[in-house]
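Some notes on the structure that comes next.
The values are calculated or read from the model by the stated rules, or taken from the named source; none is laboratory data. These numbers come from a predicted model, not from an experiment. Positions of Cβ are backbone-derived with ideal geometry, glycine not excepted, and every protein chain shown enters the neighbour counts. Ligands, DNA and RNA are excluded from the accessible area calculation, which covers all protein heavy atoms including side chains. Shrake-Rupley method; radii C 1.70, N 1.55, O 1.52, S 1.80 Å.
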Amino acid sequence: MAAGMALKSDKALVLFSGGQDSATCLAWALDRFGEVETIGFDYGQRHRVELEARLAVREAVAARFPAWGAKLGPDRMVDLSGYGALAESALTGGDDASVSETGESGLPKTFVPGRNLVFLTVAGAHAWLRKAGTLVTGVCQTDYSGYPDCRQDTIDAQARALSLGLDVNLPVQTPLMHLTKAETWALAHDLGGDALVDLIVEESHTCYRGTRGARHDWGHGCGACPACELRAKGWTEWREGRA
Ligand code: ZN
């Protein structure tokens, strides 16, 4: 335990992109903490529509779940376009086809090097300023696309670096780390029933191409990129598992 300033143990800061995973994490945090704030990052991503989705999800959660709405504090958007320009990849540049390809590194071209490390560092700084004693992030190593910064080991190392570097105890909670996408839908249902599942389907955004497009059973998106395929596959598995 650090000797410095104490953060509020009942306050969490959620890294909130507006996608299915972070929307589920937002509900998870609202279910457990007395105060919850959100932070998001604009790094020049192709799927910029998610930046609008994040506000829509927050508003819908507050409107449809008043007890959670009472605990939902301010949102903070951070401009990381300089980082995005540095870490150019399929998500921040390139052409539309490259979101499905593998790059020279053997990782998907959608890998933005160090993304979660940068996000957690900036979120840690904001948590310190806001006295939020827990960070919550939706990273997941089960269905993940091979991103090394989504692994539990990476997150644990980063949490330790933040606690040391900020001289506070700042755990990083990863409620989705070992869940499949189907289990993430199930978690949303456990937390908020059909109302929360419907909200996530309608308002959250996952598609890498930034397409809202057609409304599928599992939500909006192009239906063909890796992110849409994962979301759709998880939805189908969850629905079939329930039937
Ligand atoms: Zn898509």
To the nearest 0.05, what FRET efficiency results for Arg32 and Ala85 with a Förster distance of 25 Å applied to their C-beta separation? 0.10
Taking the alpha-carbon set of the chain, what are its Rg and Dmax in Å? 17.2, 53
Shape verdict for the stretch 117-243, please, from the Cα gyration tensor: rounded (a/c under 1.5), prolate (a/b greater than b/c) or oblate. prolate
Take the Cα atoms of the stretch 168-243, build their convex hull, and give its volume per residue in Å³. 120 Å³
Helix-derived mean residue ellipticity, 222 nm - over the chain, DSSP H n ≥ 4, -39500 (n - 2.57), to 500: -14500 deg cm²/dmol
Once R0 is set to 41 Å, what does the formula 1/(1 + (r/R0)^6) return for the Cβ-Cβ distance between Ala67 and Arg151, expressed as a FRET efficiency to the nearest 0.05? 0.75
Given a 1.4 Å probe, the accessible area of the chain per residue, as a whole number of Å², is 43 Å²
Taking every DSSP bridge whose two residues both lie in the stretch 10-242, the antiparallel percent to the nearest 5 is 15 percent
Rounded to the nearest percent, how much of the accessible area of the chain (1.4 Å probe, protein heavy atoms only) is carbon and sulfur? 51 percent
In what sequence, largest accessible area first, do His178, His205 appear using a 1.4 Å probe? His178, His205
State whether the stretch 1-69 is rounded, prolate or oblate according to the following rule on the C-alpha gyration tensor (a ≥ b ≥ c being the square roots of its eigenvalues): a/c under 1.5 gives rounded; otherwise a/b larger than b/c gives prolate, and the remaining case gives oblate. oblate
Report the net charge of residues surrounding Asn116, where surrounding means a beta-carbon distance below 14 angstrom and charges are Lys +1, Arg +1, Asp -1, Glu -1. -2
